[in-house]
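One structure is given here, and the rest of the page talks about it.
The values are calculated or read from the model by the stated rules, or taken from the named source; none is laboratory data. Note that the structure is predicted; figures quoted are calculated from it, not measured. Glycine also receives a Cβ, built like all others from the backbone with ideal geometry; neighbour counts cover every protein chain displayed. Ligands, DNA and RNA are stripped out before the accessible areas are found, and what is left, the full protein with its side chains, is counted by its heavy atoms. Shrake-Rupley method; radii C 1.70, N 1.55, O 1.52, S 1.80 Å.
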Amino acid sequence: MRHDEYASYDALGLAQLIRDGEVSATDVLQAAIARRQAVNKAINAVVESWDAEALDRASSADTTGVFGGVPFLIKDMDGKYAGHRSTNSSRSLVNYVPERSSELMNRFETAGLNIFGATNCPEFGIMGVSEPELRGPARNPWNLGHTPGGSSGGSAAAIAAGIVPMAHGGDGGGSLRIPASHCGLFGLKTTRGLIPLGPDEAEGWDGLVVRGVMSRTVRDTAAALDVTRGWEPGSPYAVPDGPASYLEAATRDPGRLRIAYSTRSLFGSKLSPDAVQAVDEAASLLQSLGHEVFEYDLPISADEGAKAYLTIVAANVAYTVRWTEEVTGRKPDPQDFERATWLLNQAGQVIPAVDLTAARAWGLLRAREFADLFGPTFDLHLTSTVAQPPVAIGELAPKPAEKAALSVLQRVGPPPVLRRLLDQLATDSLEATPQTQIYNMTGQPAMSVPMHITRAGLPMGVQIAAAFGDDARLLQVASQIEQAKPWVDGLPTTKQL
């Protein structure tokens, strides 16, 4: 199967070809492997390859599932795949091999997806860029000098480059939506609790983390949601009943919706001109599709939100560092972690319990307030997905002086200094990507839809959010946008990298 043929189909399209007998699952997998071999040296998206066992599955497995025989890549974190190395891009876990799979991985396989590798990500998914010291930076297929985003950056780069039509990721603060925006893809963060996290995790980052996929087409994400959705025993969350099929629901007309929009930076200071233009383009398009569109800024404090978010992240990074000892038997050593990770670990260890409770309450109270806005005041809310176009590789890495300061803090790290530094991080670290975290904190569904190309030729998406449990409405609007302004033909899947 030639690459141009392979890249012209989405995941559902490839599965249909296999079911119809026009190609075999082996043919399709070999096309994916060939594409990875051709481009991965340039983009460093795939960091673990399991070709032999995937080829065995392709030659013998039942391919009648929704995605029967479709090649698939999983992120090197955000779930466990039994018997396969899972480093989380950390030196501390370089030899960690989980013994059993997450329920999500089981559901992927039940649907027929053929997992043949893992993708690059920042250490423990902390950063909005994918430049881990262990793996080296993943690069954006649109421009190799720029980031594909994070934390699911390797998955996004692999899709945009045409290795796979759909890939796994996770989102604790924008980690599906940011890479989707940076790579011109569709990315949906589902309602909290809609997709399982167990059995070895109760929740991620105090409820901030959800898992799912990014894809080239809306229908692939909708079909993936159908095969992965649903409560599991022991899950701490329940969600409102959704449609019988998200794939079928995505084809329905949502009717005339009230869509509010804002060009305000949610957890930062300002949006770039390109981000504002992306919102303006989306607002005009949605109005042309028959929706009522009007301006409305969400009533949140950027400083309070950023500090609450970073407090939760720091506390959970400290927990994760402690967890590495449980699974490796080795006491955490600063040399096994990146400086920024260790700093968050130190800060997380000195955060008072009352501060963590207050941070969680801040997000949950916003969820209460938003429940009185989404529905009574508007149906959906539109912003940019990110504040700035994809940054250059290394642009957000610590400078030499910052690395020296971090080294000193690793040795000393008095609690007041760490707390002040965490507050400063909250102010600075979210400037480029301040738009997504609020919906992790409220648990609402939010998606990034391709919308704008910058003068430098880099994609930027817009974020649209819905009420808790209203994922289907987002898919319906995404389908409208996809039909009115198709983005697949613009992807660099057939370019020579």
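Before moving on, here are some points about what is shown:
- Hey, Ser102 more than 25 Å from Val488 (Cβ to Cβ), in contact (Cβ under 8 Å) with a residue 60 or more places away in the chain and open to solvent by less than 40 Å² (accessible area, probe 1.4 Å) or not: yes
- Filtered residues of the range 314-339 (kept if within 16 Å of Asn88 (Cα to Cα) and hydrophobic (A, V, I, L, M, F, W, C)): Val317, Ala318, Val321, Trp323, Val327, Phe337
- Ser92 being more than 30 Å from Arg339 (Cβ to Cβ), assigned to a helix (DSSP H, G or I), in contact (Cβ under 8 Å) with a residue 24 or more places away in the chain and of a type outside the set (A, V, I, L, M): no
- Those helices (runs of 4 or more DSSP H) of the range 1-84 in which 3 or more residues are surrounded by fewer than 24 Cβ atoms within 10 Å (Cβ to Cβ) and of a type in the set (Gly, Ala, Ser) occupy 25-43, 51-60.
- Being in contact (Cβ under 8 Å) with a residue 60 or more places away in the chain and surrounded by fewer than 20 Cβ atoms within 10 Å (Cβ to Cβ) is a description that does not apply to Ser301.
- Condition check for Gly128: of a type in the set (Gly, Ala, Ser), touching a helix residue (DSSP H, G or I) at 6+ places or on another chain (Cβ under 8 Å) and open to solvent by 10 Å² or more (accessible area, probe 1.4 Å): yes
- Scanning the range 138-157 for residues that are in contact with a Ser or Thr (Cβ under 8 Å, 6 or more places away or on another chain) and open to solvent by 40 Å² or more (accessible area, probe 1.4 Å) yields a single hit, Arg139.
- The helices (runs of 4 or more DSSP H) found wholly in the range 386-497 and carrying at least 2 residues that are modelled with pLDDT under 95 and closer than 29 Å to Trp205 by Cα occupy 400-411, 415-428.
- Cβ pairs under 7 Å, 6+ apart, first in the range 352-363 and of a type outside the set (Val, Ile, Thr), second assigned to a helix (DSSP H, G or I) and surrounded by fewer than 18 Cβ atoms within 10 Å (Cβ to Cβ): Trp362/Glu304
- A single entry from Ala238, Ala223 fulfils the requirement of being free of Cβ contacts under 8 Å to residues at least 60 places away in the same chain and either more than 20 Å from the chain's Cα centre (by Cα) or open to solvent by less than 60 Å² (accessible area, probe 1.4 Å) (or both): Ala238.
- Pair list, Cβ under 7 Å, 6 or more apart: the range 276-291 residue open to solvent by less than 50 Å² (accessible area, probe 1.4 Å), other residue of a type in the set (Phe, Trp, Tyr): Val279/Tyr261; Ala283/Tyr261
- Within the range 254-272, residues that are touching a residue at least 24 places away in the same chain (Cβ under 8 Å) have Cβ atoms under 9 Å from residues that are charged (D, E, K, R) and assigned to a strand (DSSP E or B) in these pairs: Arg256/Glu292; Leu257/Glu292; Arg258/Glu292; Ile259/Glu292; Ala260/Glu295; Tyr261/Glu295; Ser262/Glu295; Thr263/Glu295, counting only partners at least 6 apart in sequence or on another chain.
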